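**Q** One structure is given below, represented as structure tokens, and several questions about it will come after.
The values are calculated or read from the model by the stated rules, or taken from the named source; none is laboratory data. Owing to the predicted nature of the structure, the values given are computational and were not obtained by experimental measurement. Cβ placement follows ideal geometry from the backbone for every residue including glycine, while neighbour counts extend to all protein chains displayed.
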Amino acid sequence: MWKTVLRRVLVMIPQLLILSFLVFVLAKMMPGDPFTGQINPNLDPKQIIRLKHELGLYDPVPVQYTRWLVNLFHGDLGQSYIQKVPVTSLIADRAVNTFWLSLLTTVLTYVLAVPMGIIAGRHQDEWQDQGIQIFNYITFAIPGFVFYILGIWLFGFVLGWFPITGSVSASASGFWEVVGSRFYHMVLPALLFSLITTTSIVQYLRTGIVDNKVEDYVRTARSKGVPENVVFDKHILRNSLLPIAAFMGTTITDLLGGSMIIESVFSYPGMGKLFLDSISERDYTTLTALILLFGILTLVGNLLSDIIMSIIDPRIRIQ
Amino acid sequence: MEKQSDLLLDIQHLHTGYRLQGKFYDAADDVNLTLKRDEILAIVGESGCGKSTIASSIIGLYDHKNTKVTGDILYNELNLVGLNESLFNKIRGDKIGMIFQDPLASLNPLMRVGEQVAETLYYHTDMKEAARHARVIELFNQVGMPKPEEMYRMYPHELSGGLRQRVVIAMAIACKPEIIIADEPTTALDVTIQAQILDLLEDIQKQSHSGIVLITHDLGVVAETADEVAVMYAGQVVEKADVKTIFEHPLHPYTRSLLNSMPQSDDESEDLHVIQGTVPSLKYMPREGDRFAARIPWIPASDHEKEPAVHEVEPGHWVRCTCWKNFHFQADQKVSGE
């Protein structure tokens, strides 16, 4: 199994190089340069050209790419055009927020989706299943931002149970109070977000159970005299959980994509909101850094999926 | 001579109907069969004739919502029809073992094959884990698997088709059942492996004195292994006799047509014979008169009984309908072999 993992990690290296190249090309194609907005507009153009020469902006593209790559390895992604701080520190603050929000969302997603999928699959076409299906259609059909705004209106405004903006209360002081406040701010967005992400997991699990129920090996288990509840847990369910487990890695991508909307709606200072803000403010250095980061995280997510699969499905372990 | 306890299964007036668009249609229609100890009973017929329906009725594995089973399936005076599930689970795997057609699909892809065999023992014996392991190794030896200790830890996809079917057989015989139901056990296997698996089944039967219900469409398999043969057509048993009689002195037109359609390897010039038409589907199956009549249209209707009954034409040889008396093949009933 470790061989599979090692081989899979090695495959990632060229993928990362291609990704970095694409991101670099994108960055080069964008209008503007480091001096845009950073320099006195009355300065002599010749002076600007001299500065650009010093910064190596007239060097051949491969040289620039190599230099960018070396800086990247040193953790230097340049300065934000707008905020005038290093991009890395800008992202680092936001990444922590997004990380905790995503983690809570993931936990809630699985806590909600797995029982719902099991109930729907087990009671196929009965009222339990139909209820879950209707719920799924609703959460799937309503666009995320409408759903979130409805949630904010109901839980934040009408009922007033949860705060509706930010990541921490300004009045919180002391470690535990801050942690509590952060958690309190995350509950509503994470809950609403997870209700959206459950849909596909519930459907995959339900379909898996419905399909596996009629598989030959299930009939074999029954022909051995295995009691029905054990047949379900040990044979049907375990096989139906495979696609769900495979999902776990790729949820990273879903979470990053979804975080843009949820963080904007809740004004939650995370990477998703930063990404959208960077686009509207044309903060190209931040944007390129985020695209690179999202790309890396997607690759890591796929790697995780493959590793999880190779652990739980013996058929993938070969060679 | 025959002791009462030698009768393992006594199937009387078995009707198994499947629900299609709200109505039940009998896929097994008034089936009467017996299985004795030390006997291999072959049930033969084309696809869709109700062979596998009988197997699933015996072992009680069908969709209970959409299947209706009536009649009696007596096993040691216990009626298996309508038996409650928890009692049935004590019999399945312990007293009745089942072997399926497709050995890859029949095994759980995520479980080691040894553990799948041990699972049977877990539910029917008091054996501890080590004892179960030892018994599985013993079974793997019995079914002729090389390196049983290594095999125990393998997953189904790592084994060849023949080895997988040996695992399935080991699973079926783990608790030394009195009855083994083999539903097309060799259909999915290579010809060379088929013979090995059939030999294995015969060996097991001789050692354990069990009775085997062998469901197949392959007359070669029947000739090689069976003692008694029941020929089925459209949900009904049309002829029943010992294997010698069936092959040497068949009477029912369907049996004769089946045997006639077997290619003769010694005569290469001869064309292949076919039976006209196809088995009617469950929904459109004729419910009155001789169901096979439509496929032998040159036989006048007066030769068929109105309500075909099963007649014992000689001791132990049962034939449905009287149309066999004047039956003859048509001269032009041939297609050229390609």
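**Q** Pick out the one residue from A:Leu55, A:Leu77, A:Leu22 that is at pLDDT 80 or above, closer than 30 Å to A:Ile296 by Cα and among the hydrophobic types (A, V, I, L, M, F, W, C).
**A** Details: A:Leu55 fails: at pLDDT 80 or above; A:Leu77 fails: at pLDDT 80 or above.
Unique residue meeting the criteria: A:Leu22.
**Q** Consider segment B:119-139. How many of its residues are within 11 Å of B:Ala172 (Cα to Cα) and more than 9 Å from chain A (Cβ to nearest Cβ)?
**A** So the count comes out to 2.
**Q** Identify all residues within segment A:113-128 that are part of a helix (DSSP H, G or I) and over 22 Å from A:Phe247 (Cα atoms); write none if there are none.
**A** A:Trp127, A:Gln128
**Q** Moving to a separate point now. Within segment B:140-168, how many residues are within 13 Å of chain A (Cβ to nearest Cβ), in contact (Cβ under 8 Å) with a residue 24 or more places away in the chain and not basic (Lys, Arg)? Show your work before the answer.
**A** Residues of segment B:140-168 within 13 Å of chain A (Cβ to nearest Cβ): B:153-159, B:164-165, B:167-168.
From what is left, the residues that are in contact (Cβ under 8 Å) with a residue 24 or more places away in the chain are B:153-157, B:159, B:164-165, B:167-168.
Remaining after also requiring not basic (Lys, Arg): B:154-157, B:159, B:165, B:167-168.
So the answer is 8.
**Q** Same structure again: Being part of a helix (DSSP H, G or I), without any contact (Cβ under 8 Å) to a residue 60 or more places away in the chain and within 25 Å of B:Glu149 (Cα to Cα), is that true of even one residue in segment B:169-189?
**A** Yes, that holds for at least one residue.
**Q** Can I ask one more? Using beta carbons and a limit of 6 Å, which pairs, at least six apart or on different chains, have the first residue in segment A:119-131 and under 21 Å from A:Arg238 (Cβ atoms) and the second one in a helix (DSSP H, G or I) and not acidic (Asp, Glu)?
**A** Hits for this filter: A:Ile119/A:Gln128; A:Ala120/A:Ile132; A:Ala120/A:Arg206; A:Gly121/A:Arg206; A:Gly121/A:Ile209; A:Gly121/A:Val210; A:Gln124/A:Val210; A:Asp129/A:Ala120.
**Q** When you check A:Ile134 against the structure, is it of a type in the set (Val, Ile, Thr) and not in a helix (DSSP H, G or I), yes or no? Full working, then the answer.
**A** Details: of a type in the set (Val, Ile, Thr): yes; not in a helix (DSSP H, G or I): no.
In short, no.
**Q** Also: Pick from B:Ile43, B:Ile96, B:Ile54: which is crowded, with 17+ Cβ neighbours inside 10 Å, closer than 26 Å to B:Arg166 by Cα and within 14 Å of another protein chain (Cβ to nearest Cβ)?
**A** Just a single option satisfies the conditions, and that option is B:Ile96.
**Q** Conditions first: (1) under 30 Å from B:Ser57 (Cα atoms); (2) within 14 Å of chain B (Cβ to nearest Cβ). A:Ala245 passes all but one, so which condition is the exception?
**A** Against the list (1) under 30 Å from B:Ser57 (Cα atoms); (2) within 14 Å of chain B (Cβ to nearest Cβ), A:Ala245 comes up short only on (1).
**Q** Which of the helices (runs of 4 or more DSSP H) contained wholly in segment A:242-319 include at least 2 residues that are over 25 Å from A:Ile152 (Cβ atoms) and either in contact (Cβ under 8 Å) with a residue 12 or more places away in the chain or more than 15 Å from the chain's Cα centre (by Cα) (or both)? Lay out the reasoning, then the answer.
**A** Working: elements: A:242-265, A:271-281, A:284-312.
The qualifying helices (runs of 4 or more DSSP H) are A:242-265, A:284-312.
**Q** Oh, and also: I need the full set of residues from segment A:145-196 which are part of a helix (DSSP H, G or I) and touching a Gly at 6+ places or on another chain (Cβ under 7 Å), in order please.
**A** A:His185, A:Leu188, A:Leu192, A:Phe193, A:Ile196 - these are the residues of segment A:145-196 that are part of a helix (DSSP H, G or I) and touching a Gly at 6+ places or on another chain (Cβ under 7 Å).
**Q** Can you tell me which residue is surrounded by the fewest Cβ atoms within 10 Å (Cβ to Cβ) among those in segment A:197-215 that are assigned to a helix (DSSP H, G or I) and within 14 Å of another protein chain (Cβ to nearest Cβ)? Lay out the reasoning, then the answer.
**A** We begin by selecting, within segment A:197-215, every residue assigned to a helix (DSSP H, G or I); these are A:197-213.
Those left that are additionally within 14 Å of another protein chain (Cβ to nearest Cβ): A:208, A:210-213.
On the way: A:Gly208: 20, A:Val210: 17, A:Asp211: 13, A:Asn212: 20, A:Lys213: 17.
For segment A:197-215, the residue satisfying everything is A:Asp211.
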